[in-house]
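Everything on this sheet refers to the single structure shown next.
The values are calculated or read from the model by the stated rules, or taken from the named source; none is laboratory data. None of the values given here were measured: they were computed from a predicted structure. FYI the Cβ positions are ideal-geometry reconstructions off the backbone, even for glycines, and counts take in every protein chain you see.
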Amino acid sequence: MSKLKQIVVYTGLVLLTLWPLFHIGLVKRYDVNAWKLAGWGMYSVPQIPADVRILCHTPDDVGTYPLRTIRPELEPALLEFRLARLGLGALVEPDRLARALLDYYPAIDGVSVVVVQPVLNRRTGMIEDKSTTYDYYK
Amino acid sequence: MWPERFLSQLDGDEPGSVPVKLRAFQIIFALVICTEYWTKALRRWSELDIEDVTSLVLVTLLCAAVAQGRWRRAACGGLALLQTWYVWSEFPLAGNHRYLEIVIAALFAVLDDERPEEQRLLLRSLRWLVILVLFYSGLQKLAHGYYFRGQFLAYSLWRDAFRSALGPLLASGELDRLVSYGAAAGDGPYLTSSPLFVAASNAVWIVEMALGVLLIPLATRKLALISACIFMIATEAVARELMFGVEFVCAILLFARTALLRRLVWPAAVLLAVLVVIRLGFLPEILFH
């Protein structure tokens, strides 16, 4: 067996052995989905999709208002963010969604994307919402 | 090399059994991948696009090549690429077993199973993957802390299979209470007063980690192997990830001293064929992933 082949296989096995430890850190620090990304954390954490709420900011008297329905043209950007968020947690920010919203609605000068993630509190056993707001301006 | 010395602890096979068990596992592994694609496609047959059709044709040809044997290494390379494409197209939501299949297929492609030295490394690597999956499945549960008081399993009772398996451990009032929650803010507490339920919850991560470790020494391997198979069958009866279950039980059986796996190729093929027939609608539907 060639030395190169041995090195490739052993390096791969060492990386596969260390990755889940890093993965645990990502789950704890960034809410990355424990079930995904080869960390072998299936069934270790409840997998609850986040709710995404959008607030539009205008420079006039209307001020800030919630965007209650999303236009079909913007749905792919919203879906892409939701799916990415479900897997990668806080490692993903809604930059493309916000850019699409700002481009689509010329009357608004800013947008806030609020990610409401239900989490099971280990201590109390209660479901609690954990909100993160991302603000974007033109 | 130190990894070689370390992995040599995983040896312990009847003379002549290594190539037989590797080949048997390789065939079952390829059949599982083929079944995964077919059962997934049959569920949404009318919506298949060109990518789905291409991947179905490819996976069928590649699996046939693995089973036939002559071009098995190249075919395994193809399966590794196909699964990489799948993970990429589903990223980041592809299941963990897809990553495992990439690694297994890549090992079968890179290492020559006809050369004794590479055969040994192949078997050691596959065994090490089994240990990693078992051990880290337990460690993740320990690290995230949702099993100490049964919180995760209490939350999971909304699934029929979990409710059927774990419901008998709870008083009926408590089961009704836990099932009534909808995983919305303010729901809970997902806690239980049943000591049996909490014990079962903690047993899961303890058993997973222990089995991972106990598969290493020869002295405990046989017991660990039998226990791991029983544990996996029980787990998959609840989780219903049947194809991963078949694949992983067969991977655990790579630890057997003899070439026991050879006798399981046909039963595994029949079981996987039944899953396809169920998806075709010729047998009653059962829930499986």
ask   = Looking at region A:41-55, which of its residues are crowded, with 21+ Cβ neighbours inside 10 Å and β-branched (Val, Ile, Thr)?
value = A:45
inquiry  = Show the residue pairs meeting these rules: Cβ distance below 7 Å; 6+ apart or different chains; first residue within region B:1-21 and within 14 Å of chain A (Cβ to nearest Cβ); second residue part of a helix (DSSP H, G or I) and loosely packed, with under 13 Cβ neighbours inside 10 Å.
reply    = B:3/A:14
request  = Test residue A:38 against the criterion of being more than 18 Å from residue A:132 (Cα to Cα), within 14 Å of chain B (Cβ to nearest Cβ) and surrounded by 17 or more Cβ atoms within 10 Å (Cβ to Cβ), and give yes or no.
outcome  = yes
query = What is the residue count in region A:104-135 for residues that are in a strand (DSSP E or B), exposed (fewer than 14 other Cβ atoms within 10 Å of the Cβ) and away from chain B (no Cβ under 14 Å)?
reply = 2
note = Considering residues that are surrounded by fewer than 17 Cβ atoms within 10 Å (Cβ to Cβ) and either assigned to a helix (DSSP H, G or I) or touching a helix residue (DSSP H, G or I) at 6+ places or on another chain (Cβ under 6 Å) (or both), the number found within region B:241-259 is 1
query = Would it be correct to say that residue B:123 is in contact (Cβ under 8 Å) with a residue 12 or more places away in the chain and crowded, with 23+ Cβ neighbours inside 10 Å?
reply = yes
ask   = Which condition number in (1) hydrophobic (A, V, I, L, M, F, W, C); (2) closer than 20 Å to residue A:132 by Cα; (3) facing another protein chain (nearest Cβ under 8 Å) is the one that residue A:55 fails?
value = (3)
ask   = If you check residue B:31 against the conditions, is it crowded, with 19+ Cβ neighbours inside 10 Å and in contact with a Gly (Cβ under 6 Å, 6 or more places away or on another chain)?
value = no
inquiry  = One residue is enough: does region B:132-146 have a residue meeting the conditions at the interface with another protein chain (Cβ under 8 Å from one of its Cβ atoms), at positive phi and either in a helix (DSSP H, G or I) or modelled with pLDDT of 95 or more (or both)?
reply    = yes
task = Starting from region A:2-13, keep only residues that are more than 10 Å from residue B:111 (Cα to Cα) and at the interface with chain B (Cβ under 9 Å from one of its Cβ atoms), then list their pairs with residues that are modelled with pLDDT under 95 and outside any helix (DSSP H, G or I) whose Cβ atoms are within a distance under 8 Å, requiring at least 6 positions of separation or different chains.
result = A:10/B:1
request  = Using the structure shown, decide if residue A:73 is more than 10 Å from chain B (Cβ to nearest Cβ), over 18 Å from the mean Cα position of the chain (by Cα) and either part of a loop (DSSP other than H, G, I, E, B) or surrounded by fewer than 15 Cβ atoms within 10 Å (Cβ to Cβ) (or both).
outcome  = yes
Close pairs from region B:250-262: first at negative phi, partner outside any helix (DSSP H, G or I), Cβ under 7 Å, at least 6 apart = B:255/B:215; B:257/B:12; B:257/B:13; B:257/B:14; B:258/B:14
Unmet criterion (only one of (1) in a helix (DSSP H, G or I); (2) within 13 Å of chain A (Cβ to nearest Cβ); (3) not β-branched (Val, Ile, Thr)) for residue B:184 = (1)
message = Please go through (1) more than 14 Å from chain A (Cβ to nearest Cβ); (2) closer than 23 Å to residue B:28 by Cα for residue B:234 and return the number of the only condition it doesn't satisfy.
response = (1)
ask   = Can you tell me which residues in region B:195-229 are surrounded by fewer than 19 Cβ atoms within 10 Å (Cβ to Cβ) and more than 30 Å from residue B:255 (Cα to Cα)?
value = B:195, B:196
ask   = Among the residues of region A:17-31, is any under 30 Å from residue A:109 (Cα atoms), aromatic (Phe, Trp, Tyr) and surrounded by 19 or more Cβ atoms within 10 Å (Cβ to Cβ)?
value = no
inquiry  = So residue B:179 ticks every box in (1) more than 7 Å from chain A (Cβ to nearest Cβ); (2) among the β-branched types (Val, Ile, Thr); (3) within 20 Å of the chain's Cα centre (by Cα) but one. Which box is left unticked?
reply    = (3)
